[in-house]
1. Which FRET efficiency, nearest 0.05, do residue 75 and residue 41 yield, Cβ-Cβ r, R0 25 Å?
2. Taking 7 Å along the Cα-to-C-beta vector as the label spot, tell me the residue 24-residue 64 distance in nanometres, rounded to one decimal.
3. What is the pair-distance distribution P(r) of the chain, computed from all Cα-Cα distances in 5 Å bins starting at 0, with each bin given as a whole percent?
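Nothing in this text is a laboratory measurement; each read-out follows from the coordinates by a stated rule. Keep in mind that what you see is a predicted model, and the values were worked out from it rather than measured. Here the Cβ positions follow ideal geometry from the backbone for every residue, glycine too, while neighbour counts run over all protein chains shown.
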Amino acid sequence: MNLLPILVSTVLEYADVPPESLTSQTNPGLDLNLNSYDMMSILGRLESDLGVHFDERKLRNLSTLGDLDDYIRSQLRH
């Protein structure tokens, strides 16, 4: 399951960029200048919408939307 479209849709609520500019290699903090509050809001929304829980220690190792996609998919398999 590819969650990138869901991630893009959610990120677009916080970033004023064209949807086609968001790829699996996009780093929300560096490429979109999203702050930690924006990121926590995005993660909270994804937790609610997808029914997943984010381990804060593991989130530190996620830098791109592709990393986040992989992490969420691994959580959905459990």
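1. On the way: r = 19 Å, r/R0 = 0.75.
Step by step, r from the Cβ atoms, then E = 0.85.
2. 0.8 nm
3. Result, from short to long distances: 3, 15, 31, 30, 16, 4, 1 percent.
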